[in-house]
1. If the requirement is being surrounded by 11 or more Cβ atoms within 10 Å (Cβ to Cβ), without any contact (Cβ under 8 Å) to a residue 12 or more places away in the chain and not hydroxyl-bearing (Ser, Thr, Tyr), which of these qualifies: GLN183, GLN175?
2. Within the range 38-75, can you find the residues that are within 15 Å of the chain's Cα centre (by Cα) and among the polar types (S, T, N, Q)?
3. Kindly indicate whether any position in the range 33-41 is within 24 Å of TRP186 (Cα to Cα), crowded, with 18+ Cβ neighbours inside 10 Å and in contact with a Gly (Cβ under 9 Å, 6 or more places away or on another chain).
4. How many residues does the range 11-31 hold that are of a type in the set (A, V, I, L, M, F, W, C), out of contact with any helix residue (DSSP H, G or I) (no Cβ under 8 Å at 6 or more places or on another chain) and at pLDDT 95 or above?
5. In the range 61-80, what count of residues is obtained for those that are part of a loop (DSSP other than H, G, I, E, B) and either in contact with a Lys or Arg (Cβ under 8 Å, 6 or more places away or on another chain) or buried (at least 16 other Cβ atoms within 10 Å of the Cβ) (or both)?
6. When the range 127-168 is examined, which residues are found to be of a type in the set (Gly, Ala, Ser), outside any loop (DSSP other than H, G, I, E, B) and crowded, with 22+ Cβ neighbours inside 10 Å?
7. Go over the candidates PRO27, PRO19, PRO58 one by one and state the one that is in contact with a Ser or Thr (Cβ under 7 Å, 6 or more places away or on another chain), exposed (fewer than 14 other Cβ atoms within 10 Å of the Cβ) and assigned to a loop (DSSP other than H, G, I, E, B).
8. Taking only the range 163-187 into account, find how many residues are among the basic types (Lys, Arg) and closer than 13 Å to LEU147 by Cβ.
Amino acid sequence: MRKLVYYVGASLDGYIAGPGGEFDFYPLGDDMMAWINERYPETLPTHIRAQVGLEGAPNQRFDTLVMGLGTYQPALDINVTSPYAHVRQYAVSTTLDEIADPSVELVREPAGLVRDLKAEDGDKDIWLCGGGRLAAALLPEIDELILKSYPVVAGTGVPVFSGEFRPTLFTPTRQESFGNGAQVTWFTRAS
């Protein structure tokens, strides 16, 4: 069965973006960028992949993306209607009336969609891209968390999870460190 994996970067104080959606304050070192490009190239937007020499690179881990409006809107703001054209894309929103690009499907109720996606055949997983409210809503469906923890304090912004109090145990299974002080930790849902 396919897994829902929340692959996300966060500050030391638990924010995935600043209060205005900023994410350019994360210190990305060359070794970490090379690591992401090699292991998770599909997590780079399509228009960025061409700039870093990854155009046409095969997806390594994910073939499907579920994102909230806060993740989708920055792409729309720069007139990119299909930010991850190299994977199936679902945008979750209760405020958008429609999505003009047929390669991005508008979803109102994400839990049923995720359960259906997880039941599909395939060897690639489903990437939960963000944001914090969507991650909190889908917490019961998250099988794995891959947390890129950057050595910076944001102070405020979009939290990794933003929802009701619902303690959920995950078990750390692996960790890698990088020259910029960032760490990536893999967590699986505790049984």
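1. Working: GLN183 fails: without any contact (Cβ under 8 Å) to a residue 12 or more places away in the chain.
The unique qualifying residue is GLN175.
2. From the range 38-75, those within 15 Å of the chain's Cα centre (by Cα) are 39-46, 59-75; that's our starting set.
Answer for the range 38-75, where residues must be within 15 Å of the chain's Cα centre (by Cα) and among the polar types (S, T, N, Q): THR43, THR46, ASN59, GLN60, THR64, THR71, GLN73.
3. no
4. Initially, the range 11-31 is screened for residues of a type in the set (A, V, I, L, M, F, W, C), giving 12, 16-17, 23, 25, 28.
Those still in the list that are out of contact with any helix residue (DSSP H, G or I) (no Cβ under 8 Å at 6 or more places or on another chain) too: 12, 23, 25, 28.
From the residues that got through so far, the ones that are at pLDDT 95 or above too are 12.
Of the residues in the range 11-31, 1 are of a type in the set (A, V, I, L, M, F, W, C), out of contact with any helix residue (DSSP H, G or I) (no Cβ under 8 Å at 6 or more places or on another chain) and at pLDDT 95 or above.
5. Taking the range 61-80 first, the residues part of a loop (DSSP other than H, G, I, E, B) are 61, 78-80.
Imposing the further condition that a residue be either in contact with a Lys or Arg (Cβ under 8 Å, 6 or more places away or on another chain) or buried (at least 16 other Cβ atoms within 10 Å of the Cβ) (or both) reduces the set to 61, 80.
Total meeting the criteria: 2.
6. Our first condition is that a residue be of a type in the set (Gly, Ala, Ser); within the range 127-168, this holds for 130-132, 135-137, 149, 154-155, 157, 162-163.
Add one more test, that the residue is outside any loop (DSSP other than H, G, I, E, B), and what stays is 130, 132, 135-137, 149.
Answer for the range 127-168, where residues must be of a type in the set (Gly, Ala, Ser), outside any loop (DSSP other than H, G, I, E, B) and crowded, with 22+ Cβ neighbours inside 10 Å: GLY130, GLY132, ALA135.
7. Numbers: PRO27 fails: in contact with a Ser or Thr (Cβ under 7 Å, 6 or more places away or on another chain); PRO58 fails: in contact with a Ser or Thr (Cβ under 7 Å, 6 or more places away or on another chain).
Residue meeting the stated conditions: PRO19.
8. The initial filter retains those residues of the range 163-187 that are among the basic types (Lys, Arg), namely 166, 174.
Pick out the ones that are also closer than 13 Å to LEU147 by Cβ and you get 174.
Result for the range 163-187: 1.
The values are calculated or read from the model by the stated rules, or taken from the named source; none is laboratory data. Remember, predicted model here, so these are calculated numbers, not experimental data. Virtual Cβ from ideal backbone geometry, glycine too; neighbours counted across all protein chains shown.
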